[in-house]
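Peer 1: Below is one structure. I have some questions about it.
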Amino acid sequence: MSDRLLRVNAYTTLDFVDARARGHDFEADAPGVVNVTAPREDPDHVDLQIELDDTGIDDLPAHADEVTLSPAQARTLAEALESAAARVEAAKGDADGE
């Protein structure tokens, strides 16, 4: 990804995902980065960060989206992800995951 806004390193949660940007007048697929982090000192929230490679998306300027979550919200999101992953695995007959 050129012109990257998020730092991507060995600690990045997911440094390559299939992603989609969607607007009222466009939809474009692009590789992306997803990261989950919390402040190093006195952590009081969780940050969920998402950035798509802007080189293939003409309708959207380079940007990263960030959601600040309380610990309870982060756990709710984690539970929803676990539940959705279990449904997908069950539908594929793959209870052990990848």
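The values are calculated or read from the model by the stated rules, or taken from the named source; none is laboratory data. Since this is a predicted model, take the numbers as computed values, not measurements. Note: ideal-geometry Cβ built from the backbone for every residue, glycine included; neighbour counts use all protein chains shown. When the accessible area is computed, the model is the full protein with side chains, heavy atoms only, and any ligands, DNA or RNA have been set aside. Shrake-Rupley method; radii C 1.70, N 1.55, O 1.52, S 1.80 Å.
Peer 1: Exactly which chymotrypsin sites (Phe, Trp or Tyr not before Pro) in region 1-94 are in a DSSP loop and have at most 11 other Cβ atoms within 10 Å? Spell out each step's value before the answer.
Peer 2: Working: sites: Y11, F16, F26; in loops: Y11, F26.
Answer in residue order: Y11, F26.
Peer 1: Next question. If you plug each phi of region 47-53 into the Karplus form 6.51 cos²θ - 1.76 cosθ + 1.60 with θ = phi - 60°, what whole-Hz ³J(HN,Hα) values come out, in order, with x for Gly and Pro?
Peer 2: With coefficients 6.51, -1.76 and 1.60, one gets 9, 10, 10, 9, 9, 9, 5 Hz.
Peer 1: How are the alpha carbon pair distances in the chain distributed across 5 Å bins from zero to the largest one, expressed in percent?
Peer 2: 2, 12, 16, 18, 19, 17, 12, 4, 0
Peer 1: Leaving out ligands, DNA and RNA, and with a 1.4 Å probe, what % of the accessible surface on the chain is carbon or sulfur? Mind showing how you got there, number by number?
Peer 2: Details: 3670 of 7590 Å².
Here carbon and sulfur together make up 48 percent of the probe-accessible area.
Peer 1: Region 6-61: which trypsin sites (Lys or Arg not before Pro) are DSSP loop and have at most 15 other beta-carbon atoms within 10 angstrom? Don't skip to the end; give the middle numbers.
Peer 2: Working: sites: R7, R20, R22, R40; in loops: R7, R40.
Passing both the DSSP loop test and the Cβ count: R7, R40.
Peer 1: Give me the one-decimal nm value for the distance between modelled label points at V88 and F16, 7 Å along each residue's Cα-to-Cβ direction.
Peer 2: With each label point 7 Å from Cα toward Cβ, the separation is 1.7 nm.
Peer 1: Could you give the nm distance between label points at E66 and H45, where each point is 7 Å from its Cα heading toward the beta carbon?
Peer 2: The modelled label-to-label distance comes out at 0.9 nm.
Peer 1: Hey, what's region 42-82 come to in accessible area per residue, 1.4 Å probe, Å²?
Peer 2: Working: 2800 Å² over 41 residues.
Computed with neighbouring chains in place, this is 68 Å² per residue.
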